[in-house]
Amino acid sequence: MGKIKVKDFNLAHTLECGQIFRINRVNSWYFVNAQDKFFKIKQIRNEIEFHGVDKDFVVHFFSLNENLPEILKEINKDKYIEKSIGKYRGLRLIKQEPWECLISFICSSASNIPRIRSKLKALSESFGKKITLDGVRDYTFPLPG
């Protein structure tokens, strides 16, 4: 189990915004299945706690080494962006595998987040390998070919 102090980060905004779909919330924990890893993570104020991956993976995956205030300053060009920045403060870009990102995008056509999650879950259950973490079962994302 690892812990990291974080600044300018909101785990819920980042995981629930539609960037990634193979997540499952169990109480205060998010179980995340991505990049051939299955891990759980939660945030309590300015600290994240995680299990199943190392600190370097978490920092890279959630772009925690990026200077978010500087990025937001650069893109804050009008009142609409300014409003979104305020509403979703702490949202970070997830570094997702290109294959899974492409398939997720294809599944997203004329759909919504719950339906996309359902499609990707069915695809993973049919063609992925079963994995378990703390009694929570999931499936890896199938490889191309």
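Using Cα atoms only, what is the angle between the long axis of helix 113-127 and the major principal axis of the chain, expressed in degrees (0 to 90) to the nearest 10? Helix 113-127 and the main axis of the chain meet at about 40 degrees. On the beta carbon distance between residue 60 and residue 88, with R0 = 22 Å, the FRET formula returns roughly 0.55. Pairs from the table (5/83; 55/77; 5/87; 77/119; 7/119; 95/121) lying more than 30 angstrom apart at Cα are 55/77; 77/119; 7/119.
Its Cα centre serving as origin, region 6-127 has a Cβ charge dipole (Lys and Arg +1, Asp and Glu -1) of approximately 480 debye. Around the amide H of residue 91, modelled in the peptide plane, lie the amide H atoms of 10, all under 5 Å away and 5 or more residues distant in sequence or on another chain. Across region 40-54, coupling constants 3J(HN,Hα) worked out from phi with the 6.51/-1.76/1.60 Karplus curve, θ = phi - 60°, read 10, 8, 9, 10, 10, 6, 9, 9, 10, 10, 9, 9, x, 9, 9 Hz, and Gly and Pro carry x. Using R0 = 25 Å, the C-beta based FRET efficiency linking residue 27 and residue 102 works out to 0.20.
Rg over Rh for region 7-145 works out to 0.97, both radii taken from alpha-carbon positions and Rh defined as the Kirkwood radius. Note on residue 113 and residue 76: their simple-model spin labels are 2.4 nm apart, each label 7 Å out from Cα toward Cβ.
For residue 131, the amide hydrogen comes within under 5 Å of the amide hydrogens of 138, 139, 140, counting only partners 5 or more places away or on other chains and with H modelled in the peptide plane.
Bear in mind these aren't lab numbers, they're just calculated from the coordinates by the rules spelled out. For clarity, every value in this text was computed on a predicted model and none was experimentally measured. Counting neighbours? That spans all protein chains shown, and the Cβs are built from the backbone with ideal geometry, glycine included.
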